[in-house]
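Below is one structure; the comments refer to it alone.
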Amino acid sequence: KTTAKLKLSIVTPVYNDWPSFSRLLEELDKTISNENVELCILAVNDASTYEYDLVKDKATELKFINKLEILNLSCNLGHQRAIAIGLADIVNRYNFDAVIVMDSDGEDDPSNLPALINEYRIKKNQIIVARRDKRSEGNLFKISYLFYKFLFRFFTGTKISFGNYCLIPFEVLKRLIYNENLWNNLPATILRSKIPLSMISTKRGKRYVGKTNMNFRGLVIHGLSAVAVYGDIALLRVLSV
């Protein structure tokens, strides 16, 4: 039995990391070559400080990606808000079967994409999230990430085991974009929305170019933005201590 061709879009935030994004396009083009999908990519340019001619050149070489667009923001908002704007833009202008959110640096490994797509074909009304069972960073980052998860659980009473990498059915996304918490943190908003989830096991990829910009301070800020989604619960838990 032949499966129906899926219309998918990828939303990914980019801030200055155009060499990595160019490599991501190559990997995505290879990955979907054997998948029965139509793929559009929306890169949200978070007010980068230099141009992206490399990507413009790369776009002409793509064989299986149907469309590449770059949405330019006028000021830097950070990757969570860039994602929220990208998702709202997709919903307002297009109609896809599902939208995939992923980072543009290679750490959200494109090789996991077929697993996300296959899971979606089975569970069409659920958000498919990539659970990070194996990480590729150094020990300091791993310890920092454990602290982030501890911080989130301490304030919310809820575990979080996934990041931005996920597949959201389009009908679900039409509701999710009206959730004001999406402006703060996508993973926490998904958790609190109570929308059914399906988790698949993945290994964290390695950055294509350079080193990660996320440090201990960045993870703490990221953790606090996630906690903000549970602000009322966090306040009650602190008051009850």
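Which residues, counting only those in the range 1-23, are closer than 19 Å to residue 60 by Cβ and basic (Lys, Arg)?
23
Just the residues that are touching a helix residue (DSSP H, G or I) at 6+ places or on another chain (Cβ under 8 Å) and charged (D, E, K, R), please, taken from the range 1-29.
26, 27, listed by residue number.
Among the listed residues 149, 159, 142, identify the single one that is at pLDDT below 80 and among the charged types (D, E, K, R). Quick ask: steps written out before the conclusion?
On the way: 149 fails: at pLDDT below 80; 159 fails: at pLDDT below 80.
Exactly one residue qualifies, and that residue is 142.
Go through the residues of the range 224-241 one by one and say whether even a single one is open to solvent by 10 Å² or more (accessible area, probe 1.4 Å), modelled with pLDDT of 90 or more, acidic (Asp, Glu) and over 30 Å from residue 26 (Cβ atoms).
No.
Determine the pairs where a residue that is farther than 13 Å from residue 228 by Cα and open to solvent by less than 20 Å² (accessible area, probe 1.4 Å), located within the range 138-157, has a partner that is modelled with pLDDT under 80 and of a type outside the set (Asp, Glu) with Cβ atoms under 7 Å apart, the partner being 6 or more residues away or on another chain.
The qualifying pairs are 144/216; 144/219; 145/219; 148/219; 148/222; 148/223.
Residue pairs, Cβ under 7 Å, 6 or more apart or interchain, first in the range 178-190 and under 13 Å from residue 165 (Cα atoms), second among the aromatic types (Phe, Trp, Tyr) and not in a loop (DSSP other than H, G, I, E, B). List them.
Qualifying pairs under 7 Å: 187/162.
Which of (1) in contact (Cβ under 8 Å) with a residue 60 or more places away in the chain; (2) among the aliphatic types (A, V, I, L, M); (3) on the phi > 0 side of the Ramachandran plot is the odd one out, the single condition residue 10 does not satisfy?
The one condition residue 10 does not meet is (3).
Can you run down the residue pairs with Cβ atoms below 6 Å, 6 or more apart or on separate chains, where the first is in the range 94-118 and within 20 Å of residue 207 (Cα to Cα) and the partner is of a type in the set (Gly, Ala, Ser) and in a loop (DSSP other than H, G, I, E, B)?
From the range 94-118, the pairs are 106/205; 107/205; 109/205.
The values are calculated or read from the model by the stated rules, or taken from the named source; none is laboratory data. Keep in mind that this is a model prediction, so the values were computed, not measured. So basically every Cβ, Gly included, is an ideal-geometry build from the backbone, and we count neighbours across all protein chains shown. Surface areas here come from the heavy atoms of the whole protein model, side chains and all, with no ligands, DNA or RNA. Shrake-Rupley method; radii C 1.70, N 1.55, O 1.52, S 1.80 Å.
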